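To start, the structure under review is shown below, and the notes come after it.
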Amino acid sequence: MPASLLALKRKIASVQQTGKITEAMRMVSAAKLSQTQKKDKGYTVYNNQVRRTLSRLMSMQVVNQLHKENVTVDENNIAKIDYSDVFGLGITLDLIQERKKIKSSGYLVITGDRGLVGSYNSSVLKNMMSLFEDSKAENKDVKILAVGSVGAQFFKKNNLNVVYENNNITDVPTFQEVLPIVSTAIKMYLNGVYDELYVCYIHHINTLSSAFRVEKMLPIIDLDIGVKEAKAHKDIEYEIEPDINTVLTTLLPQYARSTIYGAILDAKTAEHASSMTAMQSATDNVDDLVSSLTTKLNRARQAQITTEITEIVSGANALK
């Protein structure tokens, strides 16, 4: 067999072997995607319930403050509250009261620990660099908490201030697994390492679509504590033991931890979806390449056969 035909056969076999690997990786990513989606769905139900409970409890506290000087109402009928008068001092106030002067911003950036995930990592890093430029223009110090080795290595290479990193998140993370991350992030905030905390990650929309998201996690500002919300609970009686502030002191950190965990879970879901899509695309490219190489091989064989027939006919004619 001519060398050219043998080379084409070997190349086709090699490409087909690569296709088997990419298809196996696609199936693995699809299985992990299914697991994280299931966890994410359950988490969302839990987190929404905790959020509603917090909003109701804090609205009860606001009811008694509606006619005092420390509560004003903006154009959207939302209560502007001095929480120090409502809840007193302590961790409850620290987690919900915005600080008067923001000197430093913390960014918990979630990336992957490997490649072969399409544009997942590059999209996060590109958007973060743009975000850091904006913070620099506002004269804010940037403190980075990097979750994922890709982000950690990139930020260190660019001489950015990485105050914490964790590269040991599994593909289907549990709450206990990420608890050290969220506890450290909250502790740093309470200790004044930064004055606000944002979680930055790729949000999973569906298998083929995702979007970069930046969410302000600390202080907690996304609770429904407005005038309408407060009045709605004015005539509802709650049985709370031992007292509302003690319950809030326990529930607020729990909500903060679960919200950050939810972001990590969402990011992992988007990573698996991106990996699955990338491997599907790679497998499709393998099929196209094999088809192209097979056509080229068939043409080379046809040319070889035609040449051999021509030589036989020419030899036969020469003997006449």
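The values are calculated or read from the model by the stated rules, or taken from the named source; none is laboratory data. Keep in mind it's a predicted model, so treat the numbers as computed, not measured. Neighbour counts run over all protein chains shown; Cβ positions are idealised from the backbone, glycine included.
Filter segment 142-162 down to the residues that are more than 17 Å from the chain's Cα centre (by Cα), under 15 Å from Tyr194 (Cβ atoms) and free of Cβ contacts under 8 Å to residues at least 40 places away in the same chain and list them by number.
Val142, Leu160, Asn161, Val162, listed by residue number.
Could you run through segment 24-44 and say how many residues are hydrophobic (A, V, I, L, M, F, W, C) and in contact (Cβ under 8 Å) with a residue 12 or more places away in the chain?
3
Can you name every one of the strands (runs of 3 or more DSSP E) wholly within segment 122-232 that holds 3 or more residues which are crowded, with 20+ Cβ neighbours inside 10 Å? Spell out how you get there, then give the answer.
Numbers: elements: 141-147, 162-166, 196-206, 209-218.
It comes to 141-147, 196-206, 209-218.
Could we say that Leu131 is modelled with pLDDT of 90 or more and on the phi < 0 side of the Ramachandran plot here?
On the way: modelled with pLDDT of 90 or more: no; on the phi < 0 side of the Ramachandran plot: yes.
For Leu131, the condition - modelled with pLDDT of 90 or more and on the phi < 0 side of the Ramachandran plot - is not met.
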